[in-house]
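A.B. asks: Quick one: this structure, given as C-alpha cells, is what I'll be asking you about.
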Amino acid sequence: MTQSIPPGLQESSDVIETASGGTSQEWMPFEQVKLYTNAFVLQDNKILLGYKKRGLGKDLYNGFGGKVEPGETSAEAAVRELQEEAGITATLRHCGVLFFTVTDIPYAFHVDVYIASEYSGTIIETEEMRPQWFSATQSTSEMDVTPEFLPIPYETMWTDDPFWLPLLIQGRPFVGRVDFGSDNCMQKWWFAEIPSSPDA
Ligand SMILES: Nc1nc2c([nH]c(=O)n2[C@H]2C[C@H](O)[C@@H](COP(=O)(O)OP(=O)(O)OP(=O)(O)O)O2)c(=O)[nH]1
C-alpha cells in the first residue's frame with residue numbers, strides 16, 4: 001500500500017485506503033508546508049463543533065484549531081486554540097493527519113487532528129467561533145425519534161469532512177490528502193485508516 005500514499009503524508013506500510021478519487025492525474029506540487037491543528041470534543045454520543053465567524057472556512061462548522069505558532073509544538077497549539085476558540089481546556093489525543101493544497105496558494109496545509117473525551121471550563125462563544133453540540137450518532141437505527149441534538153451538519157462543513165469525521169467519531173486513526181481547486185471543489189483526494197497495533 002505504501003506506493004499509494006500521496007506526497008506530503010508520511011509513508012507507512014500498513015494503511016487501509018478508505019476512499020480516493022478525482023479528475024486530476026497528478027497531485028498538486030507545493031513549495032512549503034504550514035502546520036495547523038483541529039480539535040474535536042466527543043462526549044456522551046455528541047460532538048462539539050464551532051460555527052466559524054471569520055477567516056479560512058468562514059460560515060462553516062468545524063473543530064477548533066488554527067496555525068501552529070513558532071516555538072510551539074502541534075499538541076501545544078491544539079490545546080491553545082481550543083482554549084482561545086471555545087474557552088475550554090482538554091487533554092487531547094492525536095488521531096489523524098490531513099494534508100491539503102489549494103490552487104493559487106503556494107503552500108500546503110498539514111493539519112494534525114485531535115480528539116478529547118473530557119474538558120474543563122465552560123464552553124463559550126468567542127470572536128472566532130460559535131460552539132454547538134451535535135449528535136455523533138451515525139446510524140439511523142441508533143437515532144432517537146426526537147433527538148436532543150441535530151445531526152452533524154455536513155452540508156455546512158468542508159467538503160472533505162464526510163470522508164474522515166466518521167472515522168474520528170469511531171476512534172479510528174486516519175490520514176488523508178485533498179487538492180482543492182480555486183472554486184473550493186475537491187480535485188483529487190485519498191483517505192486511509194491506520195489500523196491500531198494489537199499492543200496499542
Ligand atoms: N474540517 C476541516 N478543517 C480544515 C480543512 N482545511 C483546513 O485548513 N481546515 C482547518 C485547519 C484549521 O483548524 C482551520 C484554519 O485555521 P485558521 O485559519 O482558523 O487559523 P488561525 O486560527 O491560526 O487563524 P487566525 O486566527 O490567525 O485568523 O481550518 C478541511 O478541509 N476540513
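A.B. asks: Output the relative contact order of the chain, whole-number percent, from Cα pairs under 8 angstrom with separation of 6+ residues.
C.D. replies: Here the relative contact order equals 28 percent.
A.B. asks: Rounded, prolate or oblate: which fits the stretch 32-193, taking a ≥ b ≥ c as square roots of the Cα gyration tensor eigenvalues, rounded meaning a/c under 1.5, else prolate when a/b beats b/c?
C.D. replies: Verdict is oblate for the stretch 32-193.
A.B. asks: So what's the angle, to the nearest 10 degrees on a 0 to 90 scale, between helix 74-86 and the longest Cα principal axis of the chain?
C.D. replies: It is inclined by approximately 40 degrees.
A.B. asks: Next question. Take Tyr119, Tyr51, Tyr61 and sort them by solvent-accessible surface of the protein heavy atoms, 1.4 Å probe, largest at the top. Please report the intermediate quantities before stating the final value.
C.D. replies: On the way: Tyr119 75, Tyr51 50, Tyr61 30 Å².
Correct descending sequence by accessible area is Tyr119, Tyr51, Tyr61.
A.B. asks: Using a 1.4 Å probe, what is the accessible area per residue for the chain, in Å²?
C.D. replies: Numbers: 10580 Å² over 200 residues.
Here the residues of the chain average 53 Å² of exposed surface.
A.B. asks: Just reorder Arg172, Arg54, Arg177 by solvent-accessible area, largest first, 1.4 Å probe, all chains present. If you can, show how the numbers build up before the last one.
C.D. replies: Details: Arg172 80, Arg54 105, Arg177 0 Å².
From most accessible down to least: Arg54, Arg172, Arg177.
A.B. asks: While we're here: Report, in deg cm²/dmol and to the nearest 500, the calculated mean residue ellipticity at 222 nm for the chain, where each DSSP H run with n ≥ 4 adds -39500 (n - 2.57) and the sum is divided by the residue count. Display every interim value, and only then the final one.
C.D. replies: On the way: 2 runs with 22 residues, N = 200.
The per-residue figure over the chain is -3500 deg cm²/dmol.
A.B. asks: Once you have the Cα-Cα distance between His94 and Glu76, take 0.36 nm times their residue separation minus that, and quote the gain in nm to one decimal. Let's see the in-between values first.
C.D. replies: Working: separation 18, 0.36 × 18 = 6.48 nm, distance 1.17 nm.
Going from the current span to full extension adds 5.3 nm.
A.B. asks: Using a 1.4 angstrom probe on the protein heavy atoms only, line up Thr37, Thr122 by accessible area, largest first.
C.D. replies: So, going from the largest accessible area down, we get Thr122, Thr37.
The values are calculated or read from the model by the stated rules, or taken from the named source; none is laboratory data. Since the structure is predicted, the reported quantities are computational estimates derived from the model, not experimental observations. Just the protein is used for accessible areas: all its heavy atoms, side chains included, with ligands, DNA and RNA removed. Shrake-Rupley method; radii C 1.70, N 1.55, O 1.52, S 1.80 Å.
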